[in-house]
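Below is one structure, written out as structure tokens; comments come after it.
The values are calculated or read from the model by the stated rules, or taken from the named source; none is laboratory data. None of the values given here were measured: they were computed from a predicted structure. Ideal geometry is used to build each Cβ from the backbone, glycine not excepted, and the neighbour counts take in all protein chains shown. What goes into the accessible areas is simple: the full protein's heavy atoms, side chains included, and nothing from ligands, DNA or RNA. Shrake-Rupley method; radii C 1.70, N 1.55, O 1.52, S 1.80 Å.
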Amino acid sequence: MRNEHPGRPCRRAAVAAVALAVLAGVAGCGSGSSGGGTGTAGSPVTIRFVWWGNDDRAKATKDAVALFAQRNPTIKVQTEFSAYDAYYQKLSTQIAGGAAPDLLQIDRPNLGEYAGRHALLNLGQYLGTTVHTDQIAPDLLAGGKVNGNQYAIPGGQLTQMLVYDPARFTKAGVRVPAPGTWTWAAFADAMAKVDTADGVPGTTDFGWAIDWFEVWLHQQGKALYTDGGKLGFTQADLTAFWTMTADMRSRKAVSVPQATTKMDGSMANSALVTKQAASEINYDSSLTAYLTSYGSPLQATAVPSDGSTSGMAAMPSVGFAVAQASAHKDAAVKLLDFLTNDPDAGKLLGATRGLPPNLQIRATVCGASTGNSRAVCDYEQSVKAQIGPAFGAWPKGSATIKRDFQTVYDDVIFGKASVAGGAKRVIDDANGTLSQ
């Protein structure tokens, strides 16, 4: 499984945003809000299904689609996949050009954006009939809603984690406490001890990703965004968070700026994998990739917290959505339901998008998993008591805010901006983006 991108968005995101800006004008150019051929009456239809991911995900998905086509001979499915960096640029350009795919994979920063620009179909009319959600936990299902409407069905479940090198922790005399009992202050002390003992900072500088700031906010009883799509935090909140990471940086408890600025959600640029830190906060959908890439044993535990609220949540790793402009919505929805609920498709897809969203299929997949592929199942079971409901979709403009957050943090860690000044820039820029 791969990381579903808490990290640096595509450098070409500005180009994609320009194309996306015209979606509102073209999203209604399809066959309307319902209907479209299914191929079930003998008239063949062709639909397109697109996603991002690595080769393992591509093979599993193509195998599942082939099974669907075998069982639905009048529905032909054309598939396309790419790396994340190119995916949204191409997708937004296709939608803006009137060539939208029928079924698409979407992530949290972009769900609110595309739904807000009327590029996605409201799936409400299909729920309980064509799309069955009775085996999906309500809290997880809620992660595919925008303004109360279901625009995406989770393709998997993930949650947050701290993945660490137990050998380096042991060498420093650091003992990882039970999940939910590691405070931020104790964690900072421990990460400084790792550097002192091993010459490697204890953890990656986690101030770079707005995702981890969101976790910290929920621990304080706050949120990144309000239900109305406005900022849910203040300059003081972000200043406090970045002051904590600055203090850890001064103690050599977190990765150096030269390593932090390269972080983009990939294993190749992970400060943990490149041995420039002894632990890292990430989503657990990337755990098997860490285990494969690191070269020696790793373990995972809950994110530190100062109170009873962990800030960890059962999040959709990705979602499946139908384009509003699709001419064959019914067929696309039928494929969506098959990928989500068919037991044989579930076996083929396995954990390529995190834990299967269907609870019955999840039990089967986890029960049959072994080795690294079982790691996420075991981890989520170990922190089950700490996992809360999904945070919900981010509003339109959040993908830009996510990118700007990292850009400003780069300036902060390289001394080009103060913590308070950087926090003010994030607030001002975000408010401007959300008001557009």
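Of all residues in segment 412-425, those that are closer than 10 Å to residue 239 by Cα and in a helix (DSSP H, G or I) have Cβ atoms under 6 Å from Cβ atoms of residues that are among the polar types (S, T, N, Q) and modelled with pLDDT of 95 or more, 6 or more apart or on another chain, in 419/239; 419/243; 420/239; 423/235; 423/239; 424/235. Step by step: first the residues of segment 72-86, then only those that are in contact (Cβ under 8 Å) with a residue 40 or more places away in the chain and not hydrophobic (A, V, I, L, M, F, W, C), then the one that is farthest from residue 335 (Cα to Cα). Which residue is that? Among those that are in contact (Cβ under 8 Å) with a residue 40 or more places away in the chain and not hydrophobic (A, V, I, L, M, F, W, C), it is 85. Considering only segment 150-159, I want to know if a residue exists there that is open to solvent by 50 Å² or more (accessible area, probe 1.4 Å) and small (Gly, Ala, Ser). No, because not a single residue in segment 150-159 is open to solvent by 50 Å² or more (accessible area, probe 1.4 Å) and small (Gly, Ala, Ser). Evaluating residue 175 against the criteria (1) free of Cβ contacts under 8 Å to residues at least 60 places away in the same chain; (2) touching a helix residue (DSSP H, G or I) at 6+ places or on another chain (Cβ under 7 Å); (3) outside any helix (DSSP H, G or I) leaves one unmet condition, (2). Within segment 282-300, the set of residues being under 19 Å from the mean Cα position of the chain (by Cα) and either surrounded by 22 or more Cβ atoms within 10 Å (Cβ to Cβ) or small (Gly, Ala, Ser) (or both) comprises 282, 283, 284, 285, 286, 287, 289, 290, 300.
From the residues in segment 62-78 that are polar (S, T, N, Q) and in contact with a Ser or Thr (Cβ under 7 Å, 6 or more places away or on another chain), which one is nearest to residue 105 (Cα to Cα)? Reasoning before the result, please.
Restricting attention to segment 62-78, the residues satisfying the condition of being polar (S, T, N, Q) are 70, 72, 74, 78.
Add one more test, that the residue is in contact with a Ser or Thr (Cβ under 7 Å, 6 or more places away or on another chain), and what stays is 74, 78.
Values: 74: 23, 78: 14 Å.
Ranking the candidates gives 78 first.
Within segment 262-281, the residues that satisfy the criterion of being of a type in the set (S, T, N, Q) and out of contact with any helix residue (DSSP H, G or I) (no Cβ under 8 Å at 6 or more places or on another chain) are 266, 269. Within segment 82-106, count every residue that is over 17 Å from the mean Cα position of the chain (by Cα) and open to solvent by 30 Å² or more (accessible area, probe 1.4 Å). Qualifying residue count for the region: 7. The one condition from (1) touching a helix residue (DSSP H, G or I) at 6+ places or on another chain (Cβ under 6 Å); (2) buried (at least 23 other Cβ atoms within 10 Å of the Cβ) that residue 241 does not meet is (2).
State all residues of segment 217-230 that are open to solvent by 30 Å² or more (accessible area, probe 1.4 Å) and either farther than 19 Å from residue 435 by Cβ or not in a loop (DSSP other than H, G, I, E, B) (or both); if no residue qualifies, say none. Within segment 217-230, 218, 220, 221, 222 qualify.
Say we look at segment 348-375 and pick out the residues that are small (Gly, Ala, Ser) and touching a residue at least 60 places away in the same chain (Cβ under 8 Å); which of these is surrounded by the fewest Cβ atoms within 10 Å (Cβ to Cβ)? First the steps, then the outcome.
Kept after step one, since they are small (Gly, Ala, Ser), are these residues of segment 348-375: 350-351, 354, 363, 367-369, 371, 373, 375.
Applying the additional criterion that residues be touching a residue at least 60 places away in the same chain (Cβ under 8 Å) yields 350-351, 354, 373, 375.
Values: 350: 21, 351: 24, 354: 27, 373: 18, 375: 21.
Here the answer is 373.
The combined condition, being out of contact with any strand residue (DSSP E or B) (no Cβ under 8 Å at 6 or more places or on another chain), assigned to a helix (DSSP H, G or I) and surrounded by 21 or more Cβ atoms within 10 Å (Cβ to Cβ), is fulfilled by residue 345. In the set 247, 237, 284, only one residue is acidic (Asp, Glu), modelled with pLDDT of 90 or more and touching a Leu at 6+ places or on another chain (Cβ under 6 Å); that residue is 284.
I need the full set of residues from segment 321-338 which are open to solvent by less than 10 Å² (accessible area, probe 1.4 Å) and of a type in the set (A, V, I, L, M, F, W, C), in order please.
Initially, segment 321-338 is screened for residues open to solvent by less than 10 Å² (accessible area, probe 1.4 Å), giving 321-323, 326, 329, 331-333, 335-336.
Those that are open to solvent by less than 10 Å² (accessible area, probe 1.4 Å) and of a type in the set (A, V, I, L, M, F, W, C): 321, 322, 323, 331, 332, 333, 335, 336.
The set of residues from segment 262-276 being surrounded by fewer than 21 Cβ atoms within 10 Å (Cβ to Cβ) and of a type in the set (Ser, Thr, Tyr) comprises 266, 274. Could you please find all residues in segment 107-147 being open to solvent by 10 Å² or more (accessible area, probe 1.4 Å) and in contact with a Leu (Cβ under 6 Å, 6 or more places away or on another chain)? 117, 133, 135, listed by residue number. One residue stands out among those in segment 381-405 that are within 16 Å of the chain's Cα centre (by Cα) and polar (S, T, N, Q): the one that is surrounded by the fewest Cβ atoms within 10 Å (Cβ to Cβ), which is 400.
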